[in-house]
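The values are calculated or read from the model by the stated rules, or taken from the named source; none is laboratory data. Computed from a prediction, not measured in an experiment: that's the story for all the values here. Quick reminder, even Gly has a Cβ in these numbers, built from the backbone with ideal geometry, and neighbours come from all protein chains shown.
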Amino acid sequence: MEDIEGAAPAAPSPSSGSGLDLIGLTKVFPGGTVAVDDVNLHVEHGEYVVLLGPSGCGKTTTLRMIGGHEFPSEGDIVLDGQSLVDLPPHKRPTTTVFQHFALFPHRSVLANVEFGLKMHGVGKEERRQRAFEALDMVGLTPLADRKPRALSGGQQQRVALARVLVTKPKALLLDEPLGDLDRLLQLRMRVELRNLQRQLGLMFIHVTHNQEEALSMADRIVVMNEARIQQVADPLTIATRPATELVARFMGDNNIIRGTVTEREGDRLVVEDEQQVRASVRAPEARQSVGDPAMISVRAAAVIVDPNGATASDLNTAECEIVFVEFLGDLVKLHLLTGGERMLAKVGAEAYPALRGREGERIRISWKEEDVQLLDA
């Protein structure tokens, strides 16, 4: 299946040469816990890929296997045609940046950056030159003599980056790299990290459970759950065309309607749920016939709110009770109830005066057919 369609991709062929291939990658811990189950993925050089999913989904274990900190139970990890599975971490052309920066508190910034080169036997003069080059990349040359405790969280993060960049890895592995930073610093570091990746042209593989972080930084997102890949696609596709119920729910603010196919004409289906909400969807690959169960999603941002309750059709529309009007500065999120099912709508902040205080009232919502997505079972 193509990435934009999404479930787990087929096993890549290591003979393709360039880039990273995970082939049937599986990890079973003692006791039988399956942490990663038959993961197949190809990552190009220069690509920023984010492994995204809830805690325990297998994303960190996958990253640790790439870096050599865990060994797979089955499968292969191939980088530029070379299998890495039998190599220890320090002999792999990959480097990991951990969430907790793990800087040496008693060493200067420069000494922290030099450390990896020293362990690889690089001479003092070359070591110092390369360390300063790495510090220059992250804008920290003036702070070379400081100790980590004298730096801000963002500066410590950049030292951690310089320390791994100095070894010139083929792939940089980032394990929740922004998790220890406050909200404003996270936003700034997203920009810095993404710009640095573009500047260097390196392969970055980044693990996070933060949907906004993934959408804002990735070239491609790999959504994982229960040890398996659910969907691989670019951020726009993940946000607007989730392939499965899990992806739709995990990405948030997707209305999910479960029902039965009541009409089918060509690639157009009409799905009706128990509350008599009827939605049409175009799905050329759909296998369902009339009478079959079906599940669809509609993004909250695609929902159109009519405060006056007028509608010209009973298709792609629903009458709802307003449960809560949530003002979020640049938009308003409406928490709605229709026949016992919760729904969401997002509208512009300019609508807030007309919606404020209307909890308990009923309104009509609608959406366009092109904004409806048929989900895989």
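Quick notes on this structure:
- If the condition is being in contact (Cβ under 8 Å) with a residue 40 or more places away in the chain and assigned to a loop (DSSP other than H, G, I, E, B), then the stretch 155-183 contributes Val166, Thr167, Pro169, Lys170, Glu176, Pro177, Gly179, Asp180.
- Residue check, Lys147 in contact with a Pro (Cβ under 8 Å, 6 or more places away or on another chain), under 26 Å from Leu63 (Cβ atoms) and charged (D, E, K, R): no
- Selection within the stretch 135-154 - under 21 Å from Gln199 (Cβ atoms) and either hydrophobic (A, V, I, L, M, F, W, C) or crowded, with 19+ Cβ neighbours inside 10 Å (or both): Leu135, Met137, Val138, Leu140, Leu143, Ala144
- Among the criteria (1) part of a loop (DSSP other than H, G, I, E, B); (2) under 22 Å from the mean Cα position of the chain (by Cα); (3) among the polar types (S, T, N, Q), the one Gln186 does not fulfil is (1).
- Taking the criterion of being touching a residue at least 24 places away in the same chain (Cβ under 8 Å), outside any loop (DSSP other than H, G, I, E, B) and in contact with a Phe, Trp or Tyr (Cβ under 9 Å, 6 or more places away or on another chain), the residues of the stretch 197-228 that qualify are Gln197, Met203, Phe204, Ile205, His206, Gln211, Met217, Arg220, Val223, Asn225.
- Pairing each residue of the stretch 109-135 that is among the aromatic types (Phe, Trp, Tyr) with any residue that is assigned to a helix (DSSP H, G or I), provided the two are 6+ apart or on different chains, yields C-beta distances under 7 Å for Phe115/Arg163; Phe132/Thr141.
- The set of residues from the stretch 327-377 being among the polar types (S, T, N, Q) and touching a Ser or Thr at 6+ places or on another chain (Cβ under 7 Å) comprises Ser366, Gln373.
- Any pair with Cβ under 8 angstrom, 6 or more apart, that starts in the stretch 19-36 at a residue that is free of Cβ contacts under 8 Å to residues at least 24 places away in the same chain and ends at one that is crowded, with 17+ Cβ neighbours inside 10 Å and part of a strand (DSSP E or B): Phe29/Ala35
- Which listed residue is touching a residue at least 12 places away in the same chain (Cβ under 8 Å) and closer than 30 Å to Pro284 by Cα, from Lys333, Lys368: Lys368
- Condition met for Val85 (touching a strand residue (DSSP E or B) at 6+ places or on another chain (Cβ under 6 Å) and part of a loop (DSSP other than H, G, I, E, B)): yes
- In a residue-by-residue description of the stretch 46-56, the property of being at pLDDT 95 or above, under 18 Å from the mean Cα position of the chain (by Cα), assigned to a loop (DSSP other than H, G, I, E, B) and over 28 Å from Glu245 (Cα atoms) applies to at least one position.
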